[in-house]
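Step one of this worksheet: look at the structure below.
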Amino acid sequence: MRILVDLTKCQGYAQCAFLAPEVFTIQGDEALTYNPHPDSTQLTRIRRAAAACPVQAIRLDQLDGRDRSLHRDAAPSTAAPVEDSGGTFKKTGRIVIVGASMAGLRAAERLREEGFTGSLTLVGEEPHEPYDRPPLSKQVLAGSAPREDTSLPRHRDISATWRLGVAATGLDLAAKQLHLADGSRIGFDKVLIATGLRARPWPNAAEAALTGVLTLRTREDAATLRQHLARHPRRVLVIGAGFIGCEVASVCRELGLNVTVAEAGPAPLVAALGEVIGAAAGALQVEKGVDLRCGVRVLSLEGNATGQLRRAVLSDGTTLDVDVAVAALGAVRNVEWLADSGLACGVWGVACDAGCRAFDANGLVTDDVFVAGDIARAPQPMYGYQYLAVEHWGNAVSQAEVAAHNMVSPETERWPHLEVPKFWSVQFGTEIKSVGVPSVADEVAVVQGSVDTGRFLAVYGYKGRLVAAVAFNHNKWLDFYEPLIEQAAPFPPSFHHIDEPAHARPVPAGFKPAASPTQDATVVVTGHDPNERRARLTNGAADRTPSRSPTETSPLSKEPSP
């Protein structure tokens, strides 16, 4: 039995922890953790918990186990369907989903729910069925759940052909074929790109090869880091105080380990929450015993004769004796395989319209190529049509559903993806939740609770308009702010709040000016007459490994999210 709690919905009412205490646990005031693969003897209790959940956030596996059609080598149909208003394609079309991820699985389920009965193939570089990444940096690291227990529950049998453990290497749009690393090719009528992210490694290859220098993105990463933590290292060094770095530090303290967090910026989580609220997150870390060093870079990592990490040299002039270093430096989008596809892709992701249809390098929308999840960069009308890449769990789910619907729907029935971005994190017994896009804000105001108590709600504004809200152990109020964000309500709010602090005046939010993702030349344009003009990616923009410094993070990146 597999369960999944949509922590975007969860508001910490704790009914589940009361009804099934061996499965659900509340940390601190309202941060929920749970066993994603509980014993079947808990089924009745879990069903009661799911029924009692006020926001219906608990999802159980609806299948007996694995997808009955799960197999690795079966070839999809090669019959080419005739496109019409959607009916014929729905019956006999061929869809390939590249990326056996949360987004890929949810899209597959949605396609079947929409009545698609044609050939469906899921391709994944990892050898596993889709799994849930958030528990990797929490329950799995803490040792409360094995990595194998993170498989995602299923809404339904998706009757798909699975090609797991083989990477996509190319996309031939003219021939409508997907090229795989094993030399095989898969024909398609429509394709969904959902290849997501990978962790950015420590930039010094020799130092990155030392035993004990790790990243955290996959199940294997989590298992390896868990093994190192279980050996009680002298000290763990976390390089980078984004969400993954902070969650790793939190687990280290939960395990009683000494941990240092080195962050080049002025506070943790600055890229996502700004300097003001980031300082509150930093105070939380210090209170819980983390050796937090902001404004400090890691200059080098040193090993002994056996290749085991032993020391780290920091820019503050100190040297730390460490056995484990976790490079939490953000993420790299998996776009290299698209370098020759002709799609508009690069280090910033794959550009698409609000209906998830990919753009080609000329900026023309494609009809048969869709994008969803962490890799998609789409215009968001609520934020001035900025192209945003939202690397959050909830976005992967909602965008995949829109993409799947549009893949099998006529033009006039397609949906725009207009979901307000949301994310959550659990650190040091505190649940941090956000709705909207804080990083576009210029001001922030704490309107409920108190930063000093670690329980508060802050709202973010941009040029007099409400754009986001962030709660620390105060998340029940976020549902109130979401429609205000959608309606572009005035900032600061003019109404009074419950538990309103004496001084709720806006202050500068403390974000660095956002760098344009297209500040470097990405294409060259050739031709003279309008029918000759074409854009071509420069130097294969898609296959250039990002060269950001280790301390830079994407303003909209929660994590390379487990």
(request) Could you rank the peptides 363-371, 246-254 by their average count of other C-beta atoms within 10 Å per residue, with the highest value first? (result) 246-254, 363-371
(request) Lys and Arg at +1, Asp and Glu at -1: add these up for the other residues within a Cβ distance under 14 Å of A488 and post the number. (result) 0
(request) Take the cross-link list K190/K422; K176/K512; K90/K476; K9/K91; K288/K476 and give me the ones stretching past 31 Å between alpha-carbons. (result) K176/K512; K90/K476; K9/K91
(message) Can you tell me the orientation of helix 393-407 relative to the chain, as the angle in degrees between its alpha-carbon axis and the longest Cα principal axis, to the nearest 10?
(response) 10
(message) Per DSSP helix of 4 or more residues, -39500 (n - 2.57); summed, then divided by the residues of the chain. What does that give at 222 nm, rounded to the nearest 500?
(response) -5500 deg cm²/dmol
(request) Evaluate the charge dipole of the chain about its Cα centre and quote only its size in Debye, nearest 20, assuming +1 on the Cβ of each Lys and Arg and -1 on the Cβ of each Asp and Glu. (result) 520
(message) Given a 1.4 angstrom probe, what's the average accessible area per residue across the chain, in square angstrom?
(response) 40
(message) Pairs of alpha-carbon atoms within less than 8 angstrom and 6+ residues apart define the contacts here; what relative contact order does the chain have, in percent?
(response) 14
(message) With a 1.4 Å probe and all protein chains left in place, how much of the accessible area of the range 377-494 comes from carbon and sulfur atoms, in whole percent?
(response) 54
(message) I'd like the carbon and sulfur percentage of the solvent accessible area for the range 101-252, probe radius 1.4 Å, heavy atoms only, ligands and nucleic acids excluded.
(response) 48
(request) Specify, per residue and in Å³, the volume enclosed by the convex hull of the alpha carbon atoms belonging to the range 242-335. (result) 121
(request) Taking semi-axes √(5λ) of the Cα gyration tensor in Å as the quantity of interest, determine which of (i) 36, 27, 27; (ii) 36, 31, 28; (iii) 39, 35, 25 was computed from the displayed structure. (result) (i)
(request) Kindly rank 442-454, 267-279, 373-385 from highest to lowest mean number of other beta carbons found within 10 Å of each residue. (result) 267-279, 373-385, 442-454
(request) On a 0 to 90° scale, report how tilted helix 243-254 is relative to the longest principal axis of the chain, with both axes built from alpha carbons and the result rounded to the nearest 10. (result) 50
(request) Sort 339-346, 15-22, 302-309, 108-115 for me by packing, meaning the mean count of neighbouring Cβ atoms within 10 Å per residue, highest on top. (result) 339-346, 108-115, 15-22, 302-309
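The values are calculated or read from the model by the stated rules, or taken from the named source; none is laboratory data. It should be emphasised that the depicted structure is a prediction, and the values quoted were computed from it without experimental measurement. Because the Cβ atoms are built from the backbone with ideal geometry, glycine has one as well, and the counts that use them run over all protein chains shown. For accessibility, only protein heavy atoms count, side chains too; no ligands or nucleic acids. Shrake-Rupley method; radii C 1.70, N 1.55, O 1.52, S 1.80 Å.
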